[in-house]
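The values are calculated or read from the model by the stated rules, or taken from the named source; none is laboratory data. The model shown is predicted, which means the values in this text are computed figures rather than measured ones. No Cβ is skipped: glycine too gets one built from the backbone with ideal geometry, and neighbour counts run over all protein chains shown.
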Amino acid sequence: MTRPTIAVLNGPNLNLLGTREPELYGAATLSDIQARCEQVAAGLDVQVELFQSNHEGALVDEIQRRRGDAGIVLNAGAYTHTSVAIRDALAAVQVPFVEVHVSNVFAREDFRHHSYLSDLAAGVIVGCGVDGYEFALRRLAALTRV
Ligand SMILES: O=C1C[C@@](O)(C(=O)O)C[C@@H](O)[C@@H]1O
């Protein structure tokens, strides 16, 4: 039997993790996150597929492709605070998703306190560093089993 797929989607500037504002986002790179997610996924009997784009429409296309997946771990970056299009794509595909932010967005500028996605999410993880991706993956894997 094929293992359920959980997509790990990253939005703008997250390709720069590891070098971008390390005091906020830490030293881990997106490749480090990929390696960790793959390792955790193997133990959970799910498969992960990572995708990153700096472009809103590319993220919308990718979310649409994810219809039928078991879950989406989503760090939409700045689009979290601006994108009705990403919200609509998530509502359309009806795939459970967990919203992740590496930094504690609530301890930052006011414009980061609002998310267009959170009320649709199965869960939201903020301020746990890159561990948040693993927590989200574990949660979505658990949801596939209920
Ligand atoms: O790009 C990002 C990264 C972020 O999503 C985070 O992971 O903490 C928080 C966003 O406000 C910001 O625009």
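Observations on the model:
- Among the residues of the range 115-133, those that are within 15 Å of the ligand (Cβ to nearest atom), out of contact with any Phe, Trp or Tyr (no Cβ under 7 Å at 6 or more places or on another chain) and not in a strand (DSSP E or B) comprise SER115, TYR116, LEU117, SER118, GLY127, GLY129, VAL130, ASP131, GLY132, TYR133.
- All positions within the range 64-87 that are of a type in the set (Asp, Glu) and surrounded by fewer than 14 Cβ atoms within 10 Å (Cβ to Cβ): none
- Single residue of ARG112, ARG67, ARG108 found to be more than 13 Å from the ligand (Cβ to nearest atom) and either in contact with a His (Cβ under 8 Å, 6 or more places away or on another chain) or modelled with pLDDT of 95 or more (or both): ARG67
- Restricting attention to the range 70-96, the residues that are more than 22 Å from ARG139 (Cα to Cα), within 12 Å of the ligand (Cβ to nearest atom) and not aliphatic (A, V, I, L, M) add up to 4.
- Options LEU9, LEU17, LEU50; residue that is within 16 Å of the ligand (Cβ to nearest atom) and out of contact with any strand residue (DSSP E or B) (no Cβ under 7 Å at 6 or more places or on another chain): LEU17
- Test: LEU137 is within 15 Å of PRO4 (Cβ to Cβ) and in contact with a Cys (Cβ under 7 Å, 6 or more places away or on another chain): yes
- For the range 89-108, a residue qualifies if it is surrounded by fewer than 18 Cβ atoms within 10 Å (Cβ to Cβ), out of contact with any Asp or Glu (no Cβ under 9 Å at 6 or more places or on another chain) and either of a type outside the set (Phe, Trp, Tyr) or in a loop (DSSP other than H, G, I, E, B) (or both), and the qualifying residues are ALA91, ALA92, GLN94, ASN104, ALA107, ARG108.
- Of all residue pairs spaced 6 or more apart or on separate chains, those with beta-carbon atoms under 6 Å, a first member in the range 70-82 that is under 10 Å from HIS101 (Cβ atoms) and in a loop (DSSP other than H, G, I, E, B) and a second member that is near the ligand (Cβ under 10 Å from one of its atoms) and not aliphatic (A, V, I, L, M) are ALA76/GLY11.
- Going through (1) more than 15 Å from GLU134 (Cα to Cα); (2) in contact with a Lys or Arg (Cβ under 8 Å, 6 or more places away or on another chain); (3) small (Gly, Ala, Ser) one by one, SER83 falls short only on (2).
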